[in-house]
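A.B. asks: Input: one structure, supplied below.
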Amino acid sequence: MRLHAALRRRDVFAEGSERWSDPRARLLDGPAWQAAMPNVLTSLELEAEPAGHLAELASALEGAYAKVLDGLGTNTAVQFVGGRLQVDKLGPIAEPPMMKELRSLVDGMLPRVDFPELLLEVFDRTGLAADFTHISGADARMDDFAVSLCGLLVAEACNVGLVPIEKPNVPALTRARLQQVDQRYVRGETIAAANARLIAAQAELGVVKAWGSGHIASADGLRFVVPVQNLHTGHSPLYFGRQRGATWLNVVNDQVMGIGGLVVPGTLRDLLFILDAIFNLDGGPKPETVITDTASYSDIVFGLFAICGYQFSPRIADLADTRLWRTNTRAVYGPLEHMSRHTVRLDRIRAHWGDMVRVAGSLTTGSVRAYDLIRMLSADGRTTGLGEAFAHYGRIFKTLHLLQFLHDGGYRRMIGAQLNVQEARHRLARKIAFGNRGQLRQRYREGMEDQLGALGLALNAVIWWNSLYIDAAVSELREQGFPVTEEMCARLSPICYDHINFLGRYAFTRADVTSGLRTFHDSTRTPSS
């Protein structure tokens, strides 16, 4: 018991263990760090000496305070009731004229399709099967390979298994063929490559540019009960009742595509894993802003995100109890004075700057996991000296985030909108993964990772297919004279599924992709490609 307690406190380590080893031993050091340091400093826009960088941050913090204080008189959303800060909830923005009509027309035009047929069309139009290479690295050389892949994707994503998918009279869907393809072609790296292709293909569609640039992302967890024995699950009465479960932490960009994800045992706090998810994306541009819910932040996490080049923007639930931090002890911040009495210790940041930069370099190069580092920097409520330095560094960026949150209604709206996108994708994920009451029955972590990876790829396939036909519908309506504006396009969403049948039929019928897109549901004309 004492040994286990010491391991949990990070007082002792088990060499060679993935969970209990010392993450500091995996940090870049010596000649390896000296060789990597110039590139790390350049890519993260940092300096070996922090004086200039910290002076810029202190100036930015003063400017942010001044901007908020100057705008308090006209900022009706921010109020002080009994000395406590309150921020009014954002109301809906008035929709453009004829937006309701456009949304109804587009929804009605989307072709009605069975889920397996949708997947097969996505594979045929994008060449997705080419990313599923043999475990030896060779390309697949079998007839109707895409049909077998789509069959496996339906079995895994819908959580129904092979029984309803296999067809003894269809060579591509026999149990032997499906098992062969599953064992030799479907794995984490091939799923990631297929996701990267879909992310790139979707970004090229015209309507998608109205949704975002791909540089804003959110991270959140989707919980699954795992009723079978599995070491990589955990208890949580709130989410799993009396059973155990796992969390699929997934990252979604503002173009509504899933760009990465990983499996978390039980319901460990998402903040321990978010950076690892961000550093292991499948594709798309590197996010500049990462949005999470209120439970996924701490001062240390703010510091780690900032030094690695990301703007961390969590939604804060209770602003009245949140501290603001200062670097100028003589400044007077008026109504914010009582919230900003604590001072950032710049001296602690300077003292540990070399190690902080080395941590950033080790994280960005993949030498060490953020999960291990965060546990080491703050174990059982005891923060190390390096952890304190990251916490003080993070408090600067947390205060900048909170001040922008108070001053800029558009910033608050952007955070809420992106989190709504993530929640809508999770609803679609539940719609797809309906089998076995939405429970995972994998006994090993690799099995859960592969199945949830298949679910993520299926989600992206639906989003890509919807985006393709929404883009075609918008073009068709413009040709007919409907006044579709960019503002209206920005309010359309590819997270819709009433036109897709996920239940009852698993017929893998190919569409003729050489003759253009499918005919719209309420039109006899075929849309232009």
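A.B. asks: Out of region 74-85, which residues are open to solvent by 80 Å² or more (accessible area, probe 1.4 Å) and either free of Cβ contacts under 8 Å to residues at least 12 places away in the same chain or closer than 12 Å to Leu336 by Cα (or both)? First the steps, then the outcome.
C.D. replies: Initially, region 74-85 is screened for residues open to solvent by 80 Å² or more (accessible area, probe 1.4 Å), giving 74, 76, 82, 84.
Matches in region 74-85: Thr74, Gly82, Arg84.
A.B. asks: To continue, here is another question. Out of curiosity, is Gly303 of a type outside the set (A, V, I, L, M) and outside any helix (DSSP H, G or I)? It would help to see each step written out before you state the result.
C.D. replies: Details: of a type outside the set (A, V, I, L, M): yes; outside any helix (DSSP H, G or I): no.
So Gly303 fails the test.
A.B. asks: In this structure, is Ala66 farther than 22 Å from Gly416 by Cα and open to solvent by 40 Å² or more (accessible area, probe 1.4 Å)?
C.D. replies: In short, yes.
A.B. asks: Kindly evaluate Ala351 against the criterion of being of a type in the set (Gly, Ala, Ser) and either in contact (Cβ under 8 Å) with a residue 24 or more places away in the chain or outside any helix (DSSP H, G or I) (or both).
C.D. replies: yes
A.B. asks: Among the residues of region 257-267, write down those that are within 13 Å of Gly283 (Cα to Cα) and in a loop (DSSP other than H, G, I, E, B). Lay out the reasoning, then the answer.
C.D. replies: Step one: of region 257-267, the residues within 13 Å of Gly283 (Cα to Cα) are 257-261.
The one that is within 13 Å of Gly283 (Cα to Cα) and in a loop (DSSP other than H, G, I, E, B): Met257.
A.B. asks: A further question follows. Limited to region 316-330, what total is found for residues that are open to solvent by 30 Å² or more (accessible area, probe 1.4 Å), basic (Lys, Arg) and at pLDDT 90 or above? Spell out how you get there, then give the answer.
C.D. replies: First, pick out the residues of region 316-330 that are open to solvent by 30 Å² or more (accessible area, probe 1.4 Å): 317-318, 321, 323, 327-330.
Then keep just the ones that are basic (Lys, Arg); that gives 323, 330.
So of that shortlist, the ones also at pLDDT 90 or above come out as 330.
Residues flagged as open to solvent by 30 Å² or more (accessible area, probe 1.4 Å), basic (Lys, Arg) and at pLDDT 90 or above within region 316-330 amount to 1.
A.B. asks: Have a look at Ala129, Ala140, Ala157, Ala64 and point out the one that is of a type in the set (A, V, I, L, M, F, W, C) and out of contact with any Phe, Trp or Tyr (no Cβ under 9 Å at 6 or more places or on another chain).
C.D. replies: On the way: Ala129 fails: out of contact with any Phe, Trp or Tyr (no Cβ under 9 Å at 6 or more places or on another chain); Ala140 fails: out of contact with any Phe, Trp or Tyr (no Cβ under 9 Å at 6 or more places or on another chain); Ala157 fails: out of contact with any Phe, Trp or Tyr (no Cβ under 9 Å at 6 or more places or on another chain).
Matching residue, one of Ala129, Ala140, Ala157, Ala64: Ala64.
A.B. asks: Here are some conditions: (1) in a helix (DSSP H, G or I); (2) modelled with pLDDT under 90; (3) surrounded by fewer than 11 Cβ atoms within 10 Å (Cβ to Cβ). Leu7 meets all but one. Which one does it not meet?
C.D. replies: Condition (3) is where Leu7 drops out.
A.B. asks: Can you find, within region 472-508, the residue that is nearest to the chain's Cα centre (by Cα) among those that are aromatic (Phe, Trp, Tyr) and within 22 Å of Met257 (Cα to Cα)?
C.D. replies: Within region 472-508, the subset aromatic (Phe, Trp, Tyr) is 482, 497, 502, 506, 508.
Subset that is within 22 Å of Met257 (Cα to Cα): 497, 502.
Details: Tyr497: 21, Phe502: 25 Å.
Among residues in region 472-508 that are aromatic (Phe, Trp, Tyr) and within 22 Å of Met257 (Cα to Cα), the one nearest to the chain's Cα centre (by Cα) is Tyr497.
A.B. asks: Out of all the residues in region 441-468, which are in a helix (DSSP H, G or I) and open to solvent by 30 Å² or more (accessible area, probe 1.4 Å)? First the steps, then the outcome.
C.D. replies: The initial filter retains those residues of region 441-468 that are in a helix (DSSP H, G or I), namely 445-468.
Result: Arg445, Glu446, Glu449, Asp450.
A.B. asks: Moving on to the next point. Looking at Gly385, Gly410, which is the one that is in contact (Cβ under 8 Å) with a residue 24 or more places away in the chain and open to solvent by 10 Å² or more (accessible area, probe 1.4 Å)? Give the derivation first.
C.D. replies: Values: Gly410 fails: in contact (Cβ under 8 Å) with a residue 24 or more places away in the chain.
Answer to the selection: Gly385.
A.B. asks: Looking only at residues in region 183-217 that are among the β-branched types (Val, Ile, Thr) and more than 18 Å from Ala458 (Cβ to Cβ), which one is most open to solvent (accessible area, probe 1.4 Å)?
C.D. replies: First pass over region 183-217, keeping only residues among the β-branched types (Val, Ile, Thr): 186, 190-191, 199, 207-208, 216.
When the remaining residues are screened for being more than 18 Å from Ala458 (Cβ to Cβ), the result is 207-208, 216.
Values: Val207: 5, Val208: 0, Ile216: 41 Å².
This residue is Ile216.
A.B. asks: From the set of residues in region 131-146 that are in contact with a helix residue (DSSP H, G or I) (Cβ under 9 Å, 6 or more places away or on another chain) and surrounded by fewer than 16 Cβ atoms within 10 Å (Cβ to Cβ), which is nearest to Gln480 (Cα to Cα)? Can you show your working first?
C.D. replies: At the first step, the residues of region 131-146 found to be in contact with a helix residue (DSSP H, G or I) (Cβ under 9 Å, 6 or more places away or on another chain) are 131-136, 139-140, 142-146.
Filter once more, keeping what is surrounded by fewer than 16 Cβ atoms within 10 Å (Cβ to Cβ): 134-136, 139, 142-143.
On the way: His134: 48, Ile135: 50, Ser136: 52, Asp139: 45, Met142: 44, Asp143: 42 Å.
Step by step, filter region 131-146, then rank; the result is Asp143.
A.B. asks: Report whether or not Val251 is part of a strand (DSSP E or B), open to solvent by less than 40 Å² (accessible area, probe 1.4 Å) and at pLDDT 90 or above.
C.D. replies: Values: part of a strand (DSSP E or B): yes; open to solvent by less than 40 Å² (accessible area, probe 1.4 Å): yes; at pLDDT 90 or above: yes.
Judged against the criteria, Val251 is a match.
A.B. asks: Could you please give the count of residues in region 193-226 that are more than 17 Å from Asn466 (Cα to Cα) and either touching a strand residue (DSSP E or B) at 6+ places or on another chain (Cβ under 8 Å) or free of Cβ contacts under 8 Å to residues at least 60 places away in the same chain (or both)? Steps first, please.
C.D. replies: As a first pass, look at region 193-226 and keep what is more than 17 Å from Asn466 (Cα to Cα): 193-194, 196, 213-226.
Checking which are either touching a strand residue (DSSP E or B) at 6+ places or on another chain (Cβ under 8 Å) or free of Cβ contacts under 8 Å to residues at least 60 places away in the same chain (or both) leaves us with 214-226.
So the answer is 13.
A.B. asks: Follow-up. So, in region 102-116, how many residues would count as being surrounded by fewer than 12 Cβ atoms within 10 Å (Cβ to Cβ) and farther than 18 Å from Ser467 by Cβ?
C.D. replies: Of all residues in region 102-116, those surrounded by fewer than 12 Cβ atoms within 10 Å (Cβ to Cβ) come to 104, 112.
Now drop any that are not farther than 18 Å from Ser467 by Cβ, which leaves 104.
Of the residues in region 102-116, 1 are surrounded by fewer than 12 Cβ atoms within 10 Å (Cβ to Cβ) and farther than 18 Å from Ser467 by Cβ.
A.B. asks: Please find, among His401, His426, the residue that is in contact with a strand residue (DSSP E or B) (Cβ under 7 Å, 6 or more places away or on another chain), farther than 21 Å from Leu27 by Cα and surrounded by fewer than 20 Cβ atoms within 10 Å (Cβ to Cβ). Even if it seems obvious, please write down each step before you answer.
C.D. replies: On the way: His401 fails: surrounded by fewer than 20 Cβ atoms within 10 Å (Cβ to Cβ).
It is His426.
A.B. asks: May I ask you to list the residues in region 222-246 that are in contact with a Ser or Thr (Cβ under 6 Å, 6 or more places away or on another chain) and either assigned to a loop (DSSP other than H, G, I, E, B) or of a type in the set (S, T, N, Q) (or both)?
C.D. replies: Hits for region 222-246 are Val226, Ser236.
A.B. asks: Got a number for residues in region 281-339 being touching a strand residue (DSSP E or B) at 6+ places or on another chain (Cβ under 6 Å), within 17 Å of Ala60 (Cβ to Cβ) and not charged (D, E, K, R)?
C.D. replies: Looking only at that region, the number is 8.
A.B. asks: Of everything in region 352-372, what is among the basic types (Lys, Arg) and open to solvent by less than 50 Å² (accessible area, probe 1.4 Å)? Give them in sequence order. Reasoning before the result, please.
C.D. replies: Start the filter on region 352-372 by keeping residues that are among the basic types (Lys, Arg), which leaves 358, 369.
Once the filter is applied, which keeps residues that are among the basic types (Lys, Arg) and open to solvent by less than 50 Å² (accessible area, probe 1.4 Å), region 352-372 yields only Arg358.
A.B. asks: For region 268-288, give me each residue that is open to solvent by less than 50 Å² (accessible area, probe 1.4 Å), touching a Gly at 6+ places or on another chain (Cβ under 8 Å) and assigned to a helix (DSSP H, G or I).
C.D. replies: Asp270, Ala277, Ile278
A.B. asks: Can you confirm whether region 504-527 contains a residue that is part of a helix (DSSP H, G or I), touching a residue at least 24 places away in the same chain (Cβ under 8 Å) and open to solvent by less than 10 Å² (accessible area, probe 1.4 Å)?
C.D. replies: Start the filter on region 504-527 by keeping residues that are part of a helix (DSSP H, G or I), which leaves 513-515.
From what's left, touching a residue at least 24 places away in the same chain (Cβ under 8 Å): 513.
Now restrict to residues that are open to solvent by less than 10 Å² (accessible area, probe 1.4 Å): none.
No; the residues of region 504-527 include none that is part of a helix (DSSP H, G or I), touching a residue at least 24 places away in the same chain (Cβ under 8 Å) and open to solvent by less than 10 Å² (accessible area, probe 1.4 Å).
A.B. asks: For region 151-195, what are the residues that are of a type in the set (Gly, Ala, Ser) and under 26 Å from the mean Cα position of the chain (by Cα)? Give the steps one after another, and end with the answer.
C.D. replies: First, the residues of region 151-195 that are of a type in the set (Gly, Ala, Ser): 151, 155, 157, 161, 172, 176, 188, 192-194.
Of everything in region 151-195, those that are of a type in the set (Gly, Ala, Ser) and under 26 Å from the mean Cα position of the chain (by Cα) turn out to be Ala155, Ala157, Gly188, Ala192, Ala193, Ala194.
The values are calculated or read from the model by the stated rules, or taken from the named source; none is laboratory data. As the structure is a computational prediction, the values presented were derived from the model and not from experiment. Note: ideal-geometry Cβ built from the backbone for every residue, glycine included; neighbour counts use all protein chains shown. Accessible surface areas use protein heavy atoms only, side chains included; no ligands, DNA or RNA. Shrake-Rupley method; radii C 1.70, N 1.55, O 1.52, S 1.80 Å.
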